[in-house]
Amino acid sequence: MDKQALDQPRIGKLEAGPLDSICDVGDISVGHCTLDDGARQTGVTVVRPHGGNLFLDKVPAAATVLNGFGKSTGLVQVQELGVLETPIALTNTFGVGTVANAQIRSAVAATPEIGRGMSTVNPLVFECNDGYLNDIQAMAVQESHYAQALAAADKRMAQGAVGAGRGMSCFSFKGGIGSASRLASIQPGLRYTVGALVLANFGRLPNLTVAGRPFGRRLADQLDRGLAQAGENAAIVPEKGSIILLVATDAPLDARQLRRLSLRAGAGLARTGSVFGHGSGDIALAFSTAYTVPQQAEQPMPALAMLHETRIDPLFEAAAEACEQAIIAALWQAESVRGRDGHHRAALRDAAPDWRQWLADTEF
């Protein structure tokens, strides 16, 4: 397991994959393009479900909208047809249109018949609002940044204040990109991997729960007593951020089953202290790498048995635990960032250097 994963709280009891990231699933890779330039603190993150042409060889997928305060694009067709046909892109709220254009151009370059002899392509872009740290009105994200993130996709992915996560805040501290994986034992000799990747930009500090402990309440009390330098991080504000939760598995599931799996991401989110607040855009998407669906009718459809419904619970448990761990990873792996108008978000691990002792404290 990566050393990075050892420098954060360990959630749950299930075994993780070797990378403890979404990249433990199939041929998934992740790339970032990070913009770190004064008031411009933002970026793009791209998740590639496989290394081939996703328009020609789609992967099954489905989504759940936990709270719909969001400006994503492409969800309607995913819900209707149950497949992904571009990589998944994450960025800031005002970058959605630009990144969608970049996805279309990339798909057309790979398959020139798109929109002519073939159907049009469905770009899929998710967003969170990074306007506290990032000058979102600058519209800094360009189509070239999507191309850079796509080209950088790799099995070894960075986490924290990178890519789309650069300007994100979480529980009044620095948030961003987090990832984790868990192994689900279906029966003796049969295990599948479930991976999660989150863009974490949500939460009120007093609600933060880590491994079942009221971590945020203790930290908020400490900050209020002036024992740490966090300034605005101690503010009590309504929950109005957002989170995007991506869940991947190598288990053979159809789109209906994947919708059910995506819903369990909400269990992991709730365990960290989110209440899916009024102003929060909380969207979960699940996809499988077990098979692909061809674009061309002349190509044979996959012929494999889906996982029986009565054996799906271990995947649900793994999805919840992986999402919870991914949110913790986003918090613990993020560095402090200063951006627009001097706004600052401190790294949580810097404000709570004794976090290991806190979590071991039986009188927490």
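Simple rule: put +1 on each Lys or Arg Cβ and -1 on each Asp or Glu Cβ in the chain, find the dipole, and look at GLY216, GLY97, LEU331; the Cα lying farthest toward the positive end is GLY216. For segment 88-218, dividing the convex hull volume of the Cα atoms by the residue count gives 157 Å³ per residue. Across every direction, the projection of the convex hull enclosing the Cα atoms of segment 184-223 has a mean area of 4.4 nm². In the chain, helical runs assigned H by DSSP with n ≥ 4 each contribute -39500 (n - 2.57); averaged across all residues and rounded to the nearest 500, the mean residue ellipticity at 222 nm is -7000 deg cm²/dmol. Using the Stokes-Einstein relation with a Kirkwood hydrodynamic radius computed over Cα pairs, the translational diffusion coefficient of segment 258-298 at 4 °C and a viscosity of 1.567 mPa s comes to 103 µm²/s. Residues ASP20, ASP154, ordered by accessible area of protein heavy atoms at a 1.4 angstrom probe radius and largest first, appear as ASP154, ASP20. Between the helical axis of 215-224 and the longest alpha-carbon principal axis of the chain there is an angle of about 40 degrees.
Taking a point 7 Å from the Cα of SER144 along the Cα-to-Cβ direction, the residues of segment 39-57 with backbone N closer than 16 Å to it are 43-44. Over all pairs of different C-alpha atoms in segment 131-189, the reciprocal of the mean inverse distance, the Kirkwood hydrodynamic radius, equals 14.2 Å. Each part reduced to its alpha carbon centroid, segment 270-290 and segment 6-43 end up 16 Å apart.
Can you pull the percent of the chain's accessible area that's carbon plus sulfur, 1.4 Å probe, other chains left in place? That share works out to 49 percent. Every Cα-Cα pair in segment 1-77 was counted, and those over 21 Å apart are 56% of them. Ligands, DNA and RNA are left out, and with a 1.4 angstrom probe the accessible area of segment 37-78 is 35 Å² per residue. Set the Cα radius of gyration of the chain against 2.2 N^0.38 Å, with N its number of residues, and you get 0.95.
In order along segment 89-106, the phi-based Karplus estimate (6.51 cos²θ - 1.76 cosθ + 1.60, θ = phi - 60°) of 3J(HN,Hα) comes to 10, 10, 7, 8, 4, 7, x, 4, x, 4, 5, 4, 4, 5, 4, 4, 4, 5 Hz; Gly and Pro are listed as x. Backbone amide hydrogens, once placed in the peptide plane, bring THR120 within less than 5 Å of GLY115, excluding anything fewer than 5 places away on its chain. Coordinate range of the alpha-carbon atoms in segment 292-364 per principal axis, descending: 57, 41, 13 Å.
Take every pair of alpha-carbon atoms less than 8 Å apart whose residues are at least six positions apart; their mean separation over the length of the chain yields a relative contact order of 25 percent.
Calculated accessible area for segment 279-353 comes out at 39 Å² per residue, all protein chains present (probe 1.4 Å; ligands, DNA, RNA ignored).
Per residue, the accessible area of segment 100-200 comes to 36 Å², computed with a 1.4 Å probe over protein heavy atoms only.
Across segment 305-364, the mean sequence separation of Cα contacts (distance under 8 Å, 6 or more residues apart), normalised by length, yields a relative contact order of 19 percent. For the peptides 304-311, 122-129, the ranking by mean Cβ contacts within 10 Å, running from highest to lowest, is 122-129, 304-311. For segment 247-340, a Kirkwood radius taken over Cα pairs fed into Stokes-Einstein (37 °C, viscosity 0.692 mPa s) yields D = 212 µm²/s.
Expressed as an acute angle from 0 to 90° and rounded to the nearest 10, what is the orientation of the C-alpha long axis of helix 313-333 relative to the principal long axis of the chain? Between the helix axis and the principal axis of the chain, the angle is about 50 degrees. To the nearest Å, what is the center-to-center distance of segment 95-141 and segment 319-364, using C-alpha atoms only? If you average the Cα positions of each part, the centres end up 31 Å apart.
The values are calculated or read from the model by the stated rules, or taken from the named source; none is laboratory data. Fair warning: this is a prediction, and the values are worked out from it, not measured in the lab. Here Cβ is always computed from backbone atoms with ideal geometry, including for glycine, and neighbour counts include all displayed protein chains. Ligands, DNA and RNA are stripped out before the accessible areas are found, and what is left, the full protein with its side chains, is counted by its heavy atoms. Shrake-Rupley method; radii C 1.70, N 1.55, O 1.52, S 1.80 Å.
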